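Here's the structure, in structure tokens; my notes come after.
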Amino acid sequence: MRYGRFETYENFLRELELFHGKPAPGGVVGLQMVNLAWELLPEGILMDVICETRKCLADAVQLLTPCTVGNHWLRIVDTGKFAAIFYDKVTGEGVRIALSMKKLPNWPRVEEWFFKLIPKKEQNLYAILEEISRAGADLFDCQEVVMVEKLLKLRPKEPPVICSLCGEAYPPSHGATCRGCSNKEEKLYRLKKEAVEPPQN
Ligand code: ZN
């Protein structure tokens, strides 16, 4: 078992809880997934990751690998599934690892946690984590995959332009106006007042 930049499992667990804000069994499942990916992929590749859920799995990937949302080596494509694709960003070859619904019944504490079968306060975090560690790779289904072409394209390094409607900067590939102003995207907020001046120091 490897823990990325952490020396021990305990160190990883402590950091995961700090980063995630609370204990995260899903992050510990993520530790097993990342280890399986390291095992299955050739050494020394430049790995990109697509995480298929917005939950704690993505936090484990960010703690254990160099891939973060901010550097775009980790992307979230929210299919809502507890799965991630780990692949060579040059060749597009990789593995998709998903929590196995066939194997999950072999691990009753993990199953109770995942499907919320018993109230959280009755769940035993220690027992869940212990079972995840014992299960290891036996929690997952694995498939070899090749990523579709458009996911391998390098992001254009385009300088931002200024939106003629709101005056804020945005990437020109988004269109004639920014996504905040175009009606394509749902509005995120409504204004309370016309404008607020930042407080003076
Ligand atoms: Zn705009």
Inset, instruction - Please enumerate the residues belonging to the stretch 65-81 that are in contact with a Gly (Cβ under 7 Å, 6 or more places away or on another chain) and within 16 Å of F140 (Cβ to Cβ). - result: none
Inset, instruction - Answer with yes or no whether E130 is closer than 25 Å to E7 by Cα and surrounded by fewer than 18 Cβ atoms within 10 Å (Cβ to Cβ). - result: yes
Legend entry - Checklist (1) touching an Asp or Glu at 6+ places or on another chain (Cβ under 6 Å); (2) surrounded by fewer than 15 Cβ atoms within 10 Å (Cβ to Cβ) applied to E39, failing item: (1)
Inset, instruction - Would you mind stating whether L152 is among the aliphatic types (A, V, I, L, M) and modelled with pLDDT under 95? - result: yes
Inset, instruction - Tell me, yes or no, whether the stretch 57-64 has at least one residue that is over 11 Å from the mean Cα position of the chain (by Cα) and either within 20 Å of K153 (Cβ to Cβ) or touching a residue at least 60 places away in the same chain (Cβ under 8 Å) (or both). - result: yes
Legend entry - Considering residues of the stretch 10-29 that are outside any loop (DSSP other than H, G, I, E, B) and free of Cβ contacts under 8 Å to residues at least 40 places away in the same chain only, the residue nearest to I97 (Cα to Cα): G27
Inset, instruction - Evaluate the stretch 157-167: report whether one residue or more is modelled with pLDDT under 95, out of contact with any helix residue (DSSP H, G or I) (no Cβ under 7 Å at 6 or more places or on another chain), over 30 Å from N35 (Cβ atoms) and within 14 Å of the ligand (Cβ to nearest atom). - result: yes
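Here's the yes/no breakdown for (1) over 30 Å from M1 (Cα atoms); (2) touching a residue at least 24 places away in the same chain (Cβ under 8 Å); (3) surrounded by 15 or more Cβ atoms within 10 Å (Cβ to Cβ):
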site	(1), (2), (3)
G136	no, yes, no
C142	no, yes, yes
L154	yes, no, no
A169	yes, no, no
C181	yes, no, yes
Y189	yes, no, no
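The values are calculated or read from the model by the stated rules, or taken from the named source; none is laboratory data. The shown structure was predicted, so the numbers you read here are calculated from the model rather than taken from an experiment. Heads up, the Cβs are rebuilt from the backbone with ideal geometry, glycines too, and the neighbour counts pull from every protein chain shown.
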